[in-house]
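Asks: Supplied in structure tokens, the structure appears directly below.
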Amino acid sequence: MDQEKILVIGACGQIGRELTAALRLKFGQMQVLASDIQAKNNLSTEVFPYQQLDVTDADALEKLIADEQVTQIYHLAAMLSANGEKNPKKAWDLNMNSLLSVLDLSVKYGVKKVFWPSSIAVFGPDSEKTNTPQQGITEPSTVYGISKAAGEYWCKYYFEKFGLDVRSIRYPGLISYTGAPGGGTTDYAVDIFHHGVEAKPFTCFLKKETVLPMMYMEDAIRATLELMDAPVDNIKVRTSYNLSGLSFSPEELATEIEKLVPGFKVDYTPDFRQQIADSWPGSIDDSAAQTDWNWKPAYNLEAMVSDMLLNLRALQEI
Ligand code: VAH
């Protein structure tokens with residue numbers, strides 16, 4: 001079997017660093033080329049091969065795909081919801097034009113499979129709030145959500161017009177202990193753990209009752225690999241699959257952390273991100289992913305909290 005050559009774009013981000021590691025375990029270290037905008041990767045030193053890449057530079061992207069004879073692309077680079085509202089045009093340019101370059105070049109160079117992350121941010125104030133359906137109303141109210149909703153239709157277009165096998169997941173808020181998220185509305189659910197493990201009080205930028213769909217990174221990475229491994233005929237959704245892990249409020253998360261960090265204190269000072277969070281659903285119906293590629297989450301709130309604290313404490317020892 002010809003060896004795969006996988007390009008991960010945005011490999012130094014919250015998803016990218018874990019997905020790169022998982023892909024290297026699966027395909028071999030040298031079969032997975034990590035790339036990101038910074039010159040030196042901020043991953044641990046042994047993570048190579050690495051190539052600096054500004055994905056908005058289409059010529060540089062084309063040269064990399066051609067020179068490396070790339071067979072799969074995981075395009076993760078994006079500006080998230082909160083930062084996107086501070087820089088709308090830059091968010092649109094990065095999120096949208098980079099996807100179009102990846103889709104065009106994947107067709108031109110015969111890339112076999114493409115993965116592109118969408119988000120529950122494609123839903124908006126008029127979407128169903130509970131168990132939001134796969135075909136629910138997607139009227140996002142953030143530039144990030146608009147770019148993800150538009151990107152989903154572009155992925156479907158390139159599948160239908162050119163037969164490009166591009167697959168996508170609407171990730172909920174992702175929680176991980178390795179890489180800090182950057183500029184998202186769900187970032188509180190990561191930052192709170194860093195305060196918890198230091199037993200420092202935490203100020204949450206959302207109201208305590210704000211329930212959002214979330215997922216532990218271990219589940220998100222496994223879902224991504226399972227989606228990409230599924231037989232092509234099983235993939236019935238060519239925009240992006242709803243995916244659900246667990247839903248909780250900041251207060252519920254704080255209560256679970258306090259069980260393992262007695263006396264842990266959280267206060268709530270909502271900022272501009274509250275309005276973004278209020279526009280999103282509280283829970284997601286992912287029955288299409290369950291049916292088409294047998295999705296099943298493994299982590300509930302208790303398991304995620306204990307695993308997060310265990311790993312953050314272990315990292316403190318290093
Ligand atoms: C954000 N973490 O907060 C991302 C995610 C559902 C939220 O897309 O913008």
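Readers should treat all values here as calculations from the given coordinates under stated rules, not as data from a laboratory. As the structure is a prediction and not an experimental result, all values here were calculated from the model. Positions of Cβ are generated from backbone atoms using ideal geometry, with glycine treated the same way; all protein chains shown enter the neighbour counts.
Asks: Using the number of other C-beta atoms within 10 angstrom as an exposure proxy, rank VAL107, VAL114 with the fewest first. Please list the in-between numbers first.
Replies: On the way: VAL107 16, VAL114 26.
Least crowded to most crowded, the residues run VAL107, VAL114.
Asks: Which residue, chosen from GLN134, ILE175, GLN31, occupies the Cα position most advanced towards the positive end of the dipole of the chain, where the dipole is computed from +1 (Lys, Arg) and -1 (Asp, Glu) charges on Cβ about the Cα centre?
Replies: Working it through, the farthest residue towards the positive pole turns out to be GLN31.
Asks: Right, here's the next one. Between helix 217-229 and the chain, what is the angle of the helix's C-alpha long axis to the longest principal axis, kept within 0 to 90° and rounded to the nearest 10?
Replies: 30 degrees
Asks: I would also like to ask the following. If you project the alpha carbons of segment 149-296 onto the principal axes, what extent comes out on each, in Å, largest first?
Replies: On the principal axes, segment 149-296 reaches 55, 29, 25 Å in Cα extent.
Asks: What percentages, rounded to whole numbers, describe P(r) for the chain computed over all alpha carbon pairs with 10 Å bin width beginning at zero?
Replies: It works out to 6, 27, 36, 23, 7, 1, in whole percents.
Asks: Follow-up. Please give, to one decimal in nm, the separation of the simple spin-label points placed at ALA303 and LYS236, each 7 Å out from Cα toward the Cβ.
Replies: 2.6 nm
Asks: Quick one: go through segment 128-142 and flag any residue whose amide nitrogen is under 14 Å from the point 7 Å out along the Cα-to-Cβ line of LYS156.
Replies: Residues 134-139 qualify, since their backbone N sits under 14 Å from the label point.
Asks: Sorting HIS194, HIS75 on the 10 Å Cβ count, fewest up front, what's the list? Working shown, then result.
Replies: Numbers: HIS194 14, HIS75 25.
Final ranking by Cβ density, sparse to dense: HIS194, HIS75.
Asks: Between THR20, THR203, THR186, where does the largest GNM mean-square fluctuation fall for the chain, given springs only between Cα atoms within less than 10 Å?
Replies: Evaluated over the chain, the most mobile residue of the options is THR203.
Asks: Could you bin all the Cα-Cα distances of segment 7-151 into 10 Å bins starting at 0 and give me the percent of pairs in each, rounded to whole numbers?
Replies: Values per bin, smallest distances first: 12, 38, 33, 15, 2.
Asks: In nm², what is the average projected area of the convex hull enclosing the Cα atoms of segment 231-318? Provide the component values of the computation, followed by the final result.
Replies: Details: hull surface 35.3 nm².
So the mean shadow area of the Cα hull is 8.8 nm².
Asks: Further question on the same structure: Sort TRP293, TRP280, TRP116 by Cβ crowding within 10 Å, fewest neighbours at the top. Can you show the working numbers first?
Replies: On the way: TRP293 20, TRP280 30, TRP116 24.
So the residues, fewest neighbours to most, are TRP293, TRP116, TRP280.
Asks: Same structure, new question: Can you tell me what share of the DSSP beta bridges in the chain is antiparallel? A percent to the nearest 5 is fine.
Replies: On the way: 3 of 32 bridges.
The antiparallel proportion sits near 10 percent.
Asks: Dipole of the chain, Cα-centred, from +1 at each Lys and Arg C-beta and -1 at each Asp and Glu C-beta, to the nearest 20 debye? Walk me through the numbers on the way to the answer.
Replies: Details: 29 positive and 42 negative charges, 61 e Å.
Magnitude of the dipole: close to 300 debye.
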